[in-house]
Amino acid sequence: LYLAWVVALLATLGSLWFSEVRQFVPCVLCWFQRIAMYPLALLLGIAALRADLGIRVYALPLAAIGWVIALIQNLEDWGVIPTLRVCSARAAAPCDVHWPVWGAGASLNSVLTIPVLSLVAFTLIIGLLSWGRDKRA
């Protein structure tokens with residue numbers, strides 16, 4: 001539970017750092033992922049302090065929704081599916097912009113993008129929350 005909270009907190013702080021410090025404008029799908037991730041950072045933190053494993057009932061569906069959105073964005077980036085119409089609704093932040101994670105010359109930029117980081121974070125949260133069983137169940 002604590003590790004899931006740490007992942008959600010790091011993902012939340014990372015997304016804020018990319019948008020507020022590095023000035024990367026989030027696209028529509030990025031905002032939807034934030035809508036799923038930000039409450040997880042708060043809810044998992046409270047649940048971790050209280051050792052409340054019952055949060056899984058609420059957190060897993062939220063993380064799963066974020067995971068699906070992150071997967072869709074990555075499939076767009078990888079050219080597997082066409083760009084969604086919602087992504088072209090706001091020209092200021094199209095979904096197909098590949099923001100560099102560590103600078104323009106980083107060799108991992110073609111593989112390690114912000115949508116990939118989001119997908120990894122949601123995957124970790126789902127895995128950590130699914131690991132082990134509640135003794136009350």
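For LEU10 and ALA64, the difference between the fully extended length at 0.36 nm per residue and the C-alpha to C-alpha distance is 17.7 nm. Label-to-label distance, LEU3 versus LEU84, with points set 7 angstrom from Cα along the beta-carbon direction: 3.0 nm. Computing FRET efficiency as 1/(1 + (r/R0)^6) for LEU75 and ILE46, where r is the C-beta to C-beta distance and R0 is 41 Å, gives about 0.80. Taking packing as the residue-averaged number of other Cβ atoms within 10 angstrom, the listed peptides 47-59, 67-79 run from highest to lowest as 67-79, 47-59.
Given 25 °C and 0.890 mPa s, compute D for the stretch 20-62 with the Stokes-Einstein relation, Rh being the Kirkwood radius over Cα pairs; round to the nearest whole µm²/s. It comes out at roughly 209 µm²/s.
Read-outs throughout are calculated quantities, based only on the coordinates presented, and are distinct from any laboratory measurement. Worth saying up front: this structure is predicted, and the values here are computed from it rather than measured. For neighbour counting, all protein chains shown are included, and Cβ atoms are generated from backbone atoms with ideal geometry for every residue, glycine included.
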